[in-house]
1. Which distance in nm do the two modelled labels at D73 and V137 give, with both placed 7 Å along the Cα-to-Cβ direction?
2. Report the relative contact order of the stretch 56-126, percent, no decimals, based on alpha-carbon pairs under 8 angstrom and at least 6 residues apart.
3. Based on the Cα coordinates of the stretch 15-138, what is the per residue volume of their convex hull in Å³?
4. Rounded to the nearest 0.05, what FRET efficiency do R89 and E26 have when you use their Cβ-Cβ distance and R0 = 41 Å?
5. So what's the gap between the Cα centers of the stretch 112-130 and the stretch 52-103, to the nearest angstrom?
6. State, as an integer percentage, the relative contact order of the stretch 2-137 based on alpha-carbon contacts under 8 Å between residues 6 or more apart.
Amino acid sequence: MRIVIGEDSTLFREGLVLLLRDAGHEVVAAVGDADALEAAVAREAPDIAIADIRMPPGDEDAGARAAARIRRDHPDVAVMLLSQHVETRHSLDLVAAGGFGYLLKDRVLDVDDFLDALRRVAGGGSALDPEVVAALVGPRRDDPLDVLTPRERVETHVSSILGKLGIAGGEEDHRRVLAVLAHLRAST
């Protein structure tokens, strides 16, 4: 299997290169940032790209954004996100497309299981950590609307809703706008 690695931690990246080569795979590029990852995939046409989520430039989710672009621009290249962080913003579409995996570094406990997951993903399958699955399908933990009963979500209970959301009294329309803003903040 031909592999490109995108990982900003030098020690982790080099360790992954050695592990994969020892397992008989061809690591055709190992880079430290998302831009270099995309360039290496375009240049090398690997079977699979392994990407960390947080890496330069931008650190927060540059690897996940690069993974989404790789799947869009190179649909035959499988993607394995390998990270310490759960990020769902870019992952849902990737899961649906197949040829995608998302494992958490500190939960990979067996090298053979990891190598099997890579083979499965490169073959068009998937490999998802249960914690990632829970984040993708589970309810939002910080949604302020979770304190509302189904009945309170209807028009006749506006006062109760606004009170539970901690939105101060005042002009009725203004309070409703604040309630909508609370909902929108929880949805992003």
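1. About 3.3 nm separates the two model spin labels.
2. Computed value for the stretch 56-126: 32 percent relative contact order.
3. Convex hull volume per residue, Cα atoms: 94 Å³.
4. Efficiency computed from Cβ-Cβ geometry: 0.85.
5. Going from one Cα centre to the other spans 14 Å.
6. Worked out over the stretch 2-137, it gives 19 percent.
Each value in this text was obtained by applying a stated rule to the coordinates, not by laboratory testing. Source: prediction; values computed, not measured. We place every Cβ from the backbone using ideal geometry, glycine too, and count neighbours over all the protein chains shown.
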